[in-house]
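Notes follow the structure.
The values are calculated or read from the model by the stated rules, or taken from the named source; none is laboratory data. Quantities reported herein were computed from a predicted structural model and do not represent experimental measurements. Ideal geometry is used to build each Cβ from the backbone, glycine not excepted, and the neighbour counts take in all protein chains shown.
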Amino acid sequence: MEYFAKYTYFFAMMLYASAFFVMYFKKNIKIYSSIKSIFIAALAVHTISLFSYIILCGYVPMHKRTQYMIPRTWGLSIILVYTWIKYESRLLTKIMIFTVLAMFFIGFPVPAPSEFDVMPGFIGIRPFLWFHIYDISVVLFAYCFCLSIAWFLIKHENSEGNAKSLMKRIHSITLWGFVFFTLSQIAGSAWAIIDFGDYWHWKPMHLMSVAIWMFYGAMVHVKYVSGLSKKVLPVMGTIGFLCVMWWGIYHDFSKVIVGYIKGVLS
Amino acid sequence: MENSKIFRLIEKTGSVKFFFWLSIIISIHFYTAVMALKAGIDPKFKTLNNHILIDWLKIYGSDHIYITSWLFIAFVLVSLLFINMFARIIIELDNLFDVYMKSNKVLFIKKASVFLVHFSVVMLVVIHFASSVSGYKSQGSVIKKGAVVTHPKNSKGLKCVELKRTADVSAGPRSAPKIVLKDELTNQAFTVPGWNKGFYYRVYADFVPKIIKNPETGKERKVKTIGLKLMVSELNVLIPLIFASFLCFAGLFTHLLMKNRLIAGEK
């Protein structure tokens with residue numbers, strides 16, 4: 001049972017990857033229903049894995065990137081299956097599978113339930129609310145990222161109608177992502193006040209929250225700003241999610257960049 | 001009102017374009033700080049947690065010029081944001097009044113929801129600024145039973161006469177403690193959190209480094225523990241903060257509801 005949860009998660013990822021390869025290599029054959037079956041199977045396996053983790057750990061995996069990627073990839077997979085059934089867009093689906101797999105690799109190696117650890121005070125309804133509302137916003141930002149990449153590729157193919165529809169969806173998803181992110185910050189502040197005694201600490205996590213909030217706040221307002229290029233929103237959608245992921249990957253990369261800059265300057 | 005010079009100025013100040021570029025700059029500014037912090041450029045940044053902003057600038061300001069300049073730029077940017085948002089809510093109030101007079105209920109609620117969100121952001125900026133410049137934070141001393149915490153307005157300090165923490169881990173790092181402090185100057189005891197002589201006292205949890213020696217190998221190891229520290233404010237910002245958060249939540253929720261309703265109506 002201990003490794004069942006872990007390996008069913010790996011198996012679900014393999015199923016997504018196999019769907020990606022089927023879509024990639026069988027371009028001219030109508031494969032809608034077979035892909036749909038693979039997706040539904042993958043989502044079912046993924047759900048079993050997630051619930052196994054919840055049952056064995058007693059909480060939804062969170063707090064560390066190797067843990068919170070499980071519910072986040074699950075959230076994006078639900079949207080992936082929904083998008084495939086509703087729009088049948090091969091391009092967008094391929095990008096979404098790629099993103100799910102990238103998130104999986106970022107969280108690799110996924111620990112088994114007994115290897116999970118959680119900081120004292122990170123158990124309970126308050127951190128639970130904050131973490132998982134934040135997870136929802138990250139999933140929506142990930143979807144926004146996929147739509148943005150799809151917009152660039154479709155634009156490259158000169159498909160104006162599809163590009164317009166994608167742009168509308170990017171606007172809508174950005175707003176939802178921003179709302180959930182704001183809610184997560186309200187929930188997080190409430191938790192911080194109750195459990196830590198203060199809502200604001202001068203530390204990277206809080207500064208990063210402000211940066212993300214302002215960035216997506218700007219994105220929400222793009223359609224009301226005159227004179228901006230159409231590319232601005234997809235570019236921001238891409239950069240925003242990469243920054244969120246960079247934060248999730250865990251930030252020591254900045255040492256490399258700053259070290260490099262220092263080296264160049266010296 | 002639309003034609004007046006003042007209103008045109010307000011419209012320019014509260015423009016969405018201005019907000020857009022300003023928020024991107026703020027975002028980059030904060031992101032830079034995150035990268036610099038993670039790269040360990042100036043570890044003194046974290047001492048900001050032990051002081052209110054004004055005190056920190058007095059003590060460390062001139063020695064830590066990178067942090068001081070970062071704080072100054074952040075202050076200018078957030079002030080500009082405040083001006084922009086304030087101008088925006090004036091414009092929105094005017095629009096709201098117009099829509100109300102035309103008796104368009106749906107549009108009124110939609111515009112009111114946006115107004116609520118912007119208004120709550122202005123409130124949050126004001127509340128945060130007020131709490132950053134008023135009061136006093138203890139300078140790193142951890143509250144323990146019997147320990148005396150110093151206070152600039154109280155030369156003899158405050159003695160902790162009672163400290164009870166619950167054993168329940170799920171109660172959080174602060175563990176809902178009951179703390180009683182005794183004013184050494186007047187010999188009067190009071191419970192924390194609570195008011196005493198014009199100051200609001202509460203505790204906050206902070207990571208405190210501790211060195212643990214392994215009895216078998218004799219090796220020393222640095223670990224993080226959670227200590228309770230005292231925060232003294234002239235204002236209790238918690239209630240206005242909860243109110244502003246509630247307004248923000250209500251505004252966002254209503255906006256999404258109305259947006260989907262309007263889209264459904266268009267279909």
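The residues of segment A:173-221 that are buried (at least 21 other Cβ atoms within 10 Å of the Cβ), over 19 Å from B:Thr254 (Cα atoms) and among the small types (Gly, Ala, Ser), listed by number, are A:Gly188, A:Ala192, A:Gly197, A:Ala211, A:Ala218. The test for being outside the structural domain of A:Phe108 (by TED's automatic domain parsing), among the aromatic types (Phe, Trp, Tyr) and surrounded by fewer than 21 Cβ atoms within 10 Å (Cβ to Cβ) holds for A:Tyr224.
Scanning segment B:47-62 for residues that are surrounded by fewer than 16 Cβ atoms within 10 Å (Cβ to Cβ) and either touching a helix residue (DSSP H, G or I) at 6+ places or on another chain (Cβ under 8 Å) or on the phi > 0 side of the Ramachandran plot (or both) turns up B:Ile54, B:Ser62.
Scanning segment B:234-250 for residues that are facing chain A (nearest Cβ under 10 Å) and of a type outside the set (Phe, Trp, Tyr) yields a count of 7.
Taking the condition within 10 Å of chain A (Cβ to nearest Cβ), at pLDDT 80 or above and within 24 Å of A:Gly197 (Cα to Cα), does B:Val34 pass? For B:Val34, the condition - within 10 Å of chain A (Cβ to nearest Cβ), at pLDDT 80 or above and within 24 Å of A:Gly197 (Cα to Cα) - is met. Here's a check for you: in segment B:243-267, which residue that is among the polar types (S, T, N, Q) and at pLDDT 85 or above is surrounded by the fewest Cβ atoms within 10 Å (Cβ to Cβ)? Here the residue is B:Thr254.
Results for (1) in a helix (DSSP H, G or I); (2) of a type outside the set (S, T, N, Q); (3) in contact (Cβ under 8 Å) with a residue 60 or more places away in the chain; (4) at the interface with another protein chain (Cβ under 10 Å from one of its Cβ atoms), shown as yes or no for each residue.
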{"site": "A:Ala163", "(1), (2), (3), (4)": "yes, yes, no, no"}
{"site": "A:Met167", "(1), (2), (3), (4)": "yes, yes, yes, no"}
{"site": "A:His171", "(1), (2), (3), (4)": "yes, yes, yes, no"}
{"site": "A:Val179", "(1), (2), (3), (4)": "yes, yes, no, yes"}
{"site": "A:Leu183", "(1), (2), (3), (4)": "yes, yes, no, yes"}
{"site": "A:Ala187", "(1), (2), (3), (4)": "yes, yes, yes, yes"}
{"site": "A:Ile193", "(1), (2), (3), (4)": "yes, yes, no, yes"}
{"site": "A:Phe215", "(1), (2), (3), (4)": "yes, yes, no, yes"}
{"site": "A:Lys223", "(1), (2), (3), (4)": "yes, yes, no, yes"}
